[in-house]
1. So how far apart, in nm, are the two label points at A:ILE13 and A:SER27 if each is 7 Å from Cα heading toward Cβ?
2. Can you say what percent of the DSSP beta bridges in chain A, counting only those with both residues inside, are antiparallel? Round to 5.
3. Treating the angle as unsigned and between 0 and 90°, give the value, to the nearest 10°, between the Cα long axis of helix A:133-149 and the longest Cα principal axis of chain A.
4. Going by Cα centres, segment B:403-452 and segment A:232-255 are how many Å apart?
5. Send over the Kirkwood Rh of chain A, from the inverse of the averaged 1/r over different Cα pairs, rounded to one decimal Å.
6. Enumerate the amide H contacts of A:VAL225 below 5 Å, restricted to partners 5 or more residues apart or on another chain; note that Pro and chain-start residues carry no placed amide H.
7. Summarise the partner chain shielding of A:16-29 as one whole number: the mean count of Cβ atoms from other chains within 10 Å of each residue's Cβ.
8. Select from B:GLY413, B:ALA288, B:ASN303 the residue farthest towards the positive end of the dipole of segment B:275-418; place +1 on Cβ of Lys and Arg, -1 on Cβ of Asp and Glu, and compute about the Cα centre.
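Just so you know, all these numbers are worked out from the coordinates, no wet-lab data involved. For clarity, every value in this text was computed on a predicted model and none was experimentally measured. Note: ideal-geometry Cβ built from the backbone for every residue, glycine included; neighbour counts use all protein chains shown.
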Amino acid sequence: MFKILNQTIRTGIVTTRYPDGPSEVPSCYRGLPEFDFEKWDDARPACEACPTAAISVREAGPEREVQVDYGLCVFCGLCAGTVQNGAIRVTPDFEAAAGDRQDLIQTARYELNPDGSHRRLLSLQRGRAESDPAVERAGRKLKDKIASLYGRSLAIREVDAGSCNGCELEIHALNNPVYDIERFGIHFVASPRHADMLLVTGPVTRNMEVALKKTYAATPEPRLVVAVGACGISGGLFGRNYATVGGVDEVIPVDVYVPGCPPRPQALLQGILMAIGRAPQKSPRAGSIAG
Amino acid sequence: MFTFVEDVSRRLGHQVEGIVARHEKEIYLQLRDPDSREAISLLRTRYGGRVAAVFAEDRRADEDCFLVYHVLEFPKQPGYLLVSTRVDPRVSRLPSLSAELPALNWQEREIQDMFGIPLDGHPNPRRVALHDNWPEVYPLRKDFDLRTVLPEFEGERHVYRPALGEGVFQIPVGPVHAGIIEPGHFSFAVAGEPILYLQLRMFYTHKGTEKLFEGMPVQRAVFLAESISGDSSFSHGTAFCQAVERAGGIEVPQSAERMRSVLLELERIYNHVADIGAIATDVGFAIANAHASRLREMLFGLNEELTGNRLLRGMVCIGGVRRMWDDGQVSRLHRTLERFAVEFRQLVKMINASDSTRDRLERTGILQPEKARDLGIVGVAGRASGIDLDVRRDHPYAAYQRVNVEPPIYQTGDVFHRMQVRIDEVPASLKMIREFAGPPLTGEPCSPVPSIPAGRCALGAVEGWRGEIFHWVRVGRDNRIERCKIKDPSLNNWPALVEAVQGNIVPDFPVINKSFNLSYSGTDR
């Protein structure tokens, strides 16, 4: 017993100071890619390189619509290798959690040169080309109100709705002495009936669809749902197929989306704290976007 | 290699259509009709062959039939023998080997589910991969579209074997579990506390992964391989790359082979230390887990240093690795592992000093060696039950021929020894990493990927931290995947859990389960 105590005392405090202090993320961490849409002279190679179609292009005559979706991004960094002028840069940033699916999407319109490269940036907008901002804002207000109820303590039920277990490893890490999520009064519980929040990983498989719906129904209201990782947000690499239905919001309403593959523990922490109004949303860094 | 193949061919006579050596270490014995029982039986009894996997492929467009492959390995002979048979479901069924080889139980049924090839003589031919309520579809047939949207499932639900008798209860658990783990359904039949019988229902996380591979460019498919089982990202990624590299005759630079080996061992260590902590937690020794999870965090930091990703993703690629390490990274690797080694020894000492922990782990969840052999158990769980298999030693890949791999083998098969195998493997892995990363790492990180002739196929095998991982790949046109079969060791090992829990009390189930720590996603795909 004395030896155990001694070893523990010798170890000292290992807990990170994030989010109050610096994030202590090493510079080699491959985080969010950052796009300089003005400088980006051709999106096609990046679109070709992206393993999850997070970068997609749509040609419309002399114009091109380029969509960048952080909700699909697996942070592989391949896109950065397709440009010579630094228009795409891999950053060590990870705080990309968003309360709105559209916040994770940027759409740029380009006028094209005859060879298909970009002549100039015509417009840059938040969200998909066809989204309706008015409806989204009303929805967000309601969420803010609910969030204030959970300011102090929070019980989370984790639901793996079909993930590869990568997100689970990082969710596990939230309970280790380094991230120690209990210091925020947040703890993981064994039943949805004891939970305020469902932390759901995906892609939601056809075999887990009913279980996820039932788990949601068993969670007392008001309840929050956080969709974790590229697969939880959009189906990720798996998308929609005969065996999956895609992202969590295809099955139950989602309050916060946490990008990553898997999101690192600090990113999960930011997303969870954001859902209960204890951390602000930091919009994706790519350019300043009017939305 | 396989000097006996000629002999086998002679004995089987007209059954044999041909013998094809695809690569130096991969021979295909092609049989004319669907029945491979005589051939397999001969190879097993006379030459000591072990059937490691069975899988199928839809070749109706090219050869007007389905091909079914049995993968065999032989003691002290590096390389694999694949026995292939032709099946045309319009006229014939696939003769089952499961009655003699229970290890093939799930794998054969998966072929039946995914290809619609009916099994002949299987002791329990019910569905396994597609749940009972699914409609009649065969997703791995070429004429089935990946994006098919299936209607609401209205079929009958799975019927579990009832547990009858006075005072006998059934405890249903899952698919949503109490802990932060993957989904699956367990049905325990109990009399008081002891477990009489456990029934498993897996494939809740079936994501159509093998189908998704089809048509994908080989480079992009590496990312999918890394997402088969999160804690084995690097092993699965490497097994896939090795298969494609063999198919395409791509030589991996020697430094890249050593870097891959370093990362494969790092993956083993970070999982082993986490499991040792988790086993301690499940018997109430939480402080040991606090230290173990801190150590895993130390390794995650190192993973990030070396690959930019905590789970080692985005590093392996077809032909080698994405980038070389600079001197700073290599010295951080050595420094971190030195520190880790000291702390790991302290952790083991702490656990060994606790008599109550040992008391809970010894004689708990025993998997007898003969059961393990019948069920075809591999990896950590196999080594704790006397199964002396290790792909690193038996079929060296990457840089493993440079080192001495001596897997720890125990005969007891209880939770304690499954933990002991892990405890033994960690220092062995640390030693290997020092040898791999010792000489300077120079040269190109990867070889270019040529155009691979359509139709080439090959097997990639890796000893993941759980055990033997296979990826069998056929490359189609334009360097796109035609078929990718994935075999995670969990697919072999789940039935072992059923054996190991029998007679144990329900409160010991979590620690027994943890001592196997099998992948649901790797099984379900």
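1. 2.7
2. Of those bridges, close to 65 percent are antiparallel.
3. 10
4. 36
5. 20.0
6. Residues meeting the criterion, in which the H sits 1.01 Å from N, are A:LEU198, A:ASP255, A:VAL256.
7. Per residue, the number of nearby Cβ atoms from other chains is 2 on average.
8. Positive-end residue among those listed: B:ASN303.
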